[in-house]
Amino acid sequence: MKKSPPTPLSRAPLFQRGEPDSSLRLGSCRAGSACRFAALALAVVLAACNDGKELAPVPGHDGVTKSAASERALRRAFDGAPPVIPHAAFGPCVSCHSDSGMAVEGVGFSPPSPHARTKGMSAVSRCQQCHVFQTTRAVFADNGFDGLRQDLRRGRRLNALAPPVIPHQILMRENCQACHSGPTAREEIRTSHPERARCRQCHVEQRTTEVFETSGP
Amino acid sequence: MGNEKSSPRPDSGSLHRRDFLKLTGLGAVAAFSCADREEAERLAAGAPTVPADLTWGKAPCRYCGTGCGVEVGVAGGVHGGKVVAVRGDEKSPVNRGLLCVKGYHLPALLYGRDRLLYPMRRRPDGALERLSWEAALDLVAERYQAALDADGPEAVAVYGSGQWTVFDGYAALKWVKGGLRSNNLDPNARLCMASAVSGFVSQFQSDEPMGCYEDFEAGDDFVLWGNNMAEMHPVLFSRILENKRGNPGVRIIDLATRRTPTSEYADLYVEFKPGTDLALANGILHLLVAQGKVDRAFVAENLVFRRGIEELEAIGWGCYGEQAQRYTFEDEARESSFAELETFLADYAPPRVSELTGVPEAQIRSLAAIYGEGSRGTVSLWCMGVNQHTRGTWMNNLITDLHLLTGKIGRPGANPFSLTGQPSACGTVREVGTIANRLPADMVVTDPEHRHKAEQIWGLAPGTIPEKPGYHAVDMFRALARGDVKVIWIQTTNPWVTLPNLNRFERKPGDGRFVIVSDIYPTPSTAVADLVLPSAAWVEREGVFGNSERRTQQWHKLVDPPGEAREDAWQIIQVARRMGMGHLFPWPDDAWHEPMFEEYRKFTIGTGKDLASYEQLRETRGLIWPVVGGKETRYRYAAGFDPYVTKRKGVHFYKAKGYGERAAFWLRPYHPPAEVPDDEYPFWLSTGRILEHWHTGSMTRRVRQLHQAAPEAYVELNRADAAELGVKSGDRVRLVSRRGELELPVAVDGRGQPPRGSVFVPFFDESRLVNLVTLDAMDSISKQPDYKKCAVRVERV
């Protein structure tokens, strides 16, 4: 099994804003200047609705450093659906959406992939199997689907000092830091200790709401 | 970034955010709809949580033949509830939790606002008017009875689907063959995998592959014959990629007529001229024989050799042009031998094959080395490229021949593996046998013993089931156009988008036919129907599908269908009852699924196609048949896996009684395609599917995310051809064939890149019907049309 590149550990903050790893920088994109130019068209331009107002800019823009639940919901059919790609096509996805994400000059912070370490399914091999571009805003026929919304309750904990349990599925979200640390992490779920790389040593997935019942005395 | 100004500037050539905003322009790129925005605001305002009554039920995916397991999130219970989410089922051995973009967006397919809700009849002025189920079902029964009385059982037909559940297909089969006493029952799967059926049946006298999806982890080399697996079977392709990631020696070989997303992952990309795959396969066989790479012991123990009719004039290209209105070609087998094979293959030495196919000799040798390397497991995969082929059966035979000659068959990681495109093309069409000449579990209507067995299980008088095969799909619609078929009921499929050379099937007002269409949304097929019936979809009803690896999967009804929509099987049963054929469906209205399945299962027990009990299917994520003693069989015909094989090792093709329980190696020559480009029509046209849309798009186009990703059909052009024509991506061109024409936007260097002189158009777009242009030539044996090869001209608009 090929290993993913090592995750930065406690020696340096996980996300050094303003000083991205130069090897990840856009300017070093191997595809050359065409790619670089296209990358700048990384269009986080959220065009106005009928009322003429622009939507809030994406995280990383102009100092906005958290991904609001509303922003997150914008890109998904329901909680659990893969987000659509909110920018134009360019280069290989993982050159920006790497294991640890990267700052893209002139654009903002490009969030890491939460499934960079998903085992068993080459989840990082073919991003566009699940994530598609929006090439139009038109619809073919109106649809009344009303999808599941994100559960914003936090994971339960035994007491104020105990680590909260993980209230969501782990599958495809094995890279905890993608959502729980770094510039794009929402404040309310941002970890205070990103340097502790083995999250699931203390935080466990809640897989059932049932309680253990003994079979006898 | 943002307010942090300390970041190093990218090197020269980079632009500032402000600049690129100017460059791209505000409306230039992706954006979100107002509905999204409202949703976002709503979400921000409240504190949304999961509905308290959220429950998760299992189901297979509604779309392709992979059969991914999904967990379906339902809020509000079965009655009055809605599907609000799906997630990949981690317990499913098929996909282990992963889905593709279509699968992740499954729930929305149920909620298009234009769902068909009530039965509707076409008035003389062309408008549709609502009527009650009672009146609609009476009308169907009346029309069938009138046609039977006036013109006999050949004048009625049912056109079904590989998306039918096992229940729908079984109800249709029993009603048509045992009730109407007609064999005019054929599925849309005729357009999709009929060549695979005739391939497997001609070689093993039993349909469907011997391997299972575990081949994707066990194999070393994956040879994709004209198969864009990355888009069409994405989750299975992921399994191969994962194998490759863990084992760098794994190779993917892409044999294709154009570059696709699959090619990006291939270790070897082999581009051949359309239709010359026959020559390429024979070229590989030639080298295997010449280089002594034949597994002689395997051949001696397990094979017989056969040849069929090979003269081009005797075969033709079925139904093309003014050829026989009802095409009746039958292949005739004669015995052959390995010695004859050696002579036969003399024609396929590398230089000639290279000339025919356009494939460099070195690549042909590489392919022979791959198949010939005994220590490596080779899996051949194919789907529409091989099946939708005027010699599709031959091509199926040749791919399997490569495995038979090298003994790479019937063990993990070494198998010929045909992929299917519909969720129950295998489970319903191929296993139940909703085909013009078939009965359940590999039986055929032309065999008196088979008819007898069916009549016994159904409790019908001997001689009830007619022995003459009915119309195959294309012929069925030709017969409708001619007037030989008076009444046709079409369920769960959209023939006025999918039939080749659609021009032939245009309906004329007052033609005296009666067309009934059961579907969930309005389509070009409901648009020409006299009666439209609203169907329940996917988890709105109980069902069973069978996928490409012989896995039978059951699900429960999870939500009510909208309006008055009812499941297809129910519709058939009600009509049968009205025609005095209620004895075919003696089960109580509220509990007929299980007894119906158990009756169907009787056909399979002891045949090597044994299905699991309904009870067991309910409890599992599907089981791979034959299921004997409650245990599934991952590798058919293989000692140590298949309970029907008593040998200690190796394989035993026990179903092939006619070949002395051996597999048949067929010698099949190269024939040219039915139509090839010339001065007037200089381009090859191939048609197909794309990742985002499933078949005719009647479901996926109503899913916002999928439609917005791929809103319309386009024509892929080679960059050099586009330059010569003076067009670029987005410009419009006209595609003209001898049969029709069509305007399309151009795509250059998109996801697919055809070579010079070749174009590709997807068929999902009902407003840009590429089948107005395609050719209705077909495989003479399987009667499957070739949608991959015809000649067109490209004109600038």
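Using only helices, what value at 222 nm comes out for chain B when you add -39,500 (n - 2.57) per DSSP H run of length 4 or more and divide by the total residues, to the nearest 500 deg cm²/dmol? Working shown, then result.
On the way: 25 runs with 219 residues, N = 797.
It lands at -7500 deg cm²/dmol.
Quick test of the membrane-span-like rule: which DSSP H helices of chain B reach at least 20 Å along their long axis (C-alpha atoms) with mean Kyte hydropathy at least -1.0?
Numbers: long enough: B:133-151 (27 Å, -0.07); B:392-406 (22 Å, 0.30).
Taking the DSSP H segments of chain B (at least 20 Å long, mean hydropathy at least -1.0), we get B:133-151, B:392-406.
Pull up the DSSP beta bridges for the range B:683-796 and report the antiparallel fraction as a percent, rounded to 5.
Around 65 percent of the beta bridges assigned by DSSP in the range B:683-796 are antiparallel ones.
Could you state the principal axis extents of the C-alpha atoms in the range B:635-760, from the largest down, to the nearest angstrom?
The Cα atoms of the range B:635-760 stretch 65, 42, 26 Å along their principal axes.
Sorted by packing (mean other beta-carbon atoms within 10 Å per residue), highest first, where do A:101-108, B:574-581 land?
Numbers: A:101-108: 23.6, B:574-581: 18.2.
By packing density, highest mean first, the sequence is A:101-108, B:574-581.
Once you've got the Cα coordinates, tell me which of B:Lys273/B:Lys783; B:Lys91/B:Lys293; B:Lys102/B:Lys557; B:Lys557/B:Lys647 are over 31 Å apart.
Numbers: B:Lys273/B:Lys783 23 Å; B:Lys91/B:Lys293 41 Å; B:Lys102/B:Lys557 21 Å; B:Lys557/B:Lys647 43 Å.
From B:Lys273/B:Lys783; B:Lys91/B:Lys293; B:Lys102/B:Lys557; B:Lys557/B:Lys647, over 31 Å: B:Lys91/B:Lys293; B:Lys557/B:Lys647.
Could you order peptides B:422-430, B:766-774 by the average number of other Cβ atoms within 10 Å of their residues, highest first?
Details: B:422-430: 30.7, B:766-774: 21.2.
Packing order, densest peptide first, comes out as B:422-430, B:766-774.
Can you list, bin by bin at 5 Å, the percent of alpha carbon pairs in the range B:687-797, starting at 0?
Over the range B:687-797, the share of Cα pairs per 5 Å bin runs 2, 12, 21, 23, 20, 13, 6, 2, 0 percent.
Mind checking the range B:500-568 for GluC sites (Glu not before Pro) that DSSP puts in a loop (not H, G, I, E or B) and that have at most 12 other Cβ atoms within 10 Å? Present the calculation step by step, with values, prior to reporting the outcome.
Numbers: sites: B:Glu506, B:Glu540, B:Glu542, B:Glu549, B:Glu564, B:Glu567; in loops: B:Glu506, B:Glu542, B:Glu549, B:Glu564, B:Glu567.
Listed in order of number, the matching sites are B:Glu506.
With a ≥ b ≥ c taken as the square roots of the eigenvalues of the C-alpha gyration tensor of the range B:543-630, please select rounded if a/c is under 1.5 and otherwise prolate if a/b is larger than b/c or oblate if it is not?
Details: a/c = 2.44, a/b = 1.48, b/c = 1.65.
Because a/c hits 1.5 or more and a/b fails to exceed b/c, the range B:543-630 counts as oblate.
Kindly work out what percent of the DSSP beta bridges joining two residues of the protein assembly as shown are antiparallel, to the nearest 5.
50
Out of every Cα-Cα pair in the range B:337-386, what percent are more than 15 Å apart? All intermediate terms of the calculation are to be shown ahead of the outcome.
Numbers: 781 of 1225 pairs.
Of all Cα-Cα pairs in the range B:337-386, 64 percent lie more than 15 Å apart.
Less than 13 Å Cβ to Cβ from B:Lys408, Lys/Arg counted +1 and Asp/Glu -1: what total charge do the surrounding residues give? Working shown, then result.
Details: positive: B:Lys293, B:Arg376, B:Arg411; negative: B:Asp215, B:Asp220, B:Asp221, B:Asp295, B:Glu373, B:Asp401.
Overall, the nearby charge balance is -3.
Please work out how much length the chain gains when fully extended from B:Asp447 to B:Gln616, using 0.36 nm per residue of separation minus the C-alpha to C-alpha distance, in nm with one decimal.
Numbers: separation 169, 0.36 × 169 = 60.84 nm, distance 3.21 nm.
Additional length available on full extension: 57.6 nm.
If the cut-off is 13 Å between C-alpha atoms, which aspartates and glutamates fall inside it for B:Lys508, apart from same-chain ones fewer than 8 positions away?
B:Asp530
Hey, could you get me the Stokes-Einstein D for the protein assembly as shown, Kirkwood radius over alpha-carbon pairs, 20 °C and 1.002 mPa s, rounded to whole µm² s⁻¹? Mind dumping the intermediate values first?
Numbers: Rh = 29.9 Å.
Using the Kirkwood radius from Cα pairs, D works out to 72 µm²/s.
Mind jotting down a quarter of the surface of the convex hull over the alpha carbons of the range B:55-110, in square nanometres, one decimal?
Working: hull surface 14.1 nm².
Approximately 3.5 nm², given one-decimal rounding.
To the nearest whole number, what is the average tally of beta carbon atoms from other chains within 10 Å of the beta carbons of peptide B:698-707? Mind dumping the intermediate values first?
On the way: counts 2, 0, 1, 3, 6, 6, 11, 11, 4, 8.
Per residue, the average neighbour count from other chains is 5.
Taking 0.36 nm per residue of separation and subtracting the Cα-Cα distance, what length does fully extending B:Ala146 through B:Arg738 add?
Fully extending the segment from B:Ala146 to B:Arg738 adds 209.2 nm.
For the range B:194-422, state what percent of all Cα-Cα pairs lands in each successive 5 Å bin, counting from 0 Å until the bin that includes the largest distance.
Histogramming the range B:194-422 at 5 Å steps yields 1, 7, 14, 19, 21, 18, 11, 6, 2, 1, 0 percent.
Multiplying the sequence separation of A:Ser215 and A:Asp151 by 0.36 nm and subtracting their Cα-Cα distance, what value in nm do you get? Present the calculation step by step, with values, prior to reporting the outcome.
Numbers: separation 64, 0.36 × 64 = 23.04 nm, distance 3.38 nm.
Gain in length upon complete extension: 19.7 nm.
Taking the Cα atoms of the range B:204-276, report the difference between the largest and smallest coordinate on each principal axis, in whole Å and largest first.
Computed over the range B:204-276, the largest-to-smallest principal extents equal 37, 31, 20 Å.
What average count of beta carbons from other chains do you get within 10 Å of the Cβ of residues in B:103-115?
Mean partner-chain Cβ count within 10 Å for B:103-115: 5.
Among the DSSP beta bridges whose two residues both lie in chain B, what percent are antiparallel, rounded to the nearest 5? Kindly include the intermediate steps, with their values, before the conclusion.
Details: 46 of 94 bridges.
Antiparallel bridges make up about 50 percent of those DSSP assigns within chain B.
Please report the net charge: other residues with Cβ closer than 13 Å to the Cβ of B:Leu584, K and R +1, D and E -1. Don't jump to the answer; show the numbers that get you there.
On the way: positive: B:Lys174, B:Lys177, B:Arg181, B:Arg577, B:Arg578; negative: B:Glu455, B:Glu599.
Here the count lands on +3.
For the pair B:Lys649 and B:Leu117, what calculated FRET efficiency results from E = 1/(1 + (r/R0)^6), where r is the Cβ-Cβ distance and R0 = 51 Å, to the nearest 0.05?
Working: r = 59 Å, r/R0 = 1.15.
For R0 = 51 Å, the calculated efficiency reads 0.30.
If you count, for every residue in B:740-749, the Cβ atoms of partner chains within 10 Å of its Cβ, what is the mean? Don't skip to the answer; put the middle values down first.
Working: counts 0, 0, 0, 0, 0, 0, 0, 0, 0, 0.
Mean inter-chain Cβ contacts per residue within 10 Å come to 0.
So for the pair A:Ala89, B:Ala527, with labels modelled 7 Å out along Cα→Cβ, what separation do we get in nm?
2.8
Let me make sure I get this right: for chain B, a, b and c are the square roots of the gyration tensor eigenvalues over alpha carbons, sorted descending. Under 1.5 in a/c it's rounded, otherwise prolate if a/b > b/c, else oblate. Which is it? Kindly include the intermediate steps, with their values, before the conclusion.
Details: a/c = 1.28, a/b = 1.01, b/c = 1.27.
Rounded, because the longest to shortest axis ratio a/c is under 1.5.
Read-outs throughout are calculated quantities, based only on the coordinates presented, and are distinct from any laboratory measurement. Note that this is a predicted model, so its numbers are computed, not measured. Positions of Cβ are generated from backbone atoms using ideal geometry, with glycine treated the same way; all protein chains shown enter the neighbour counts.
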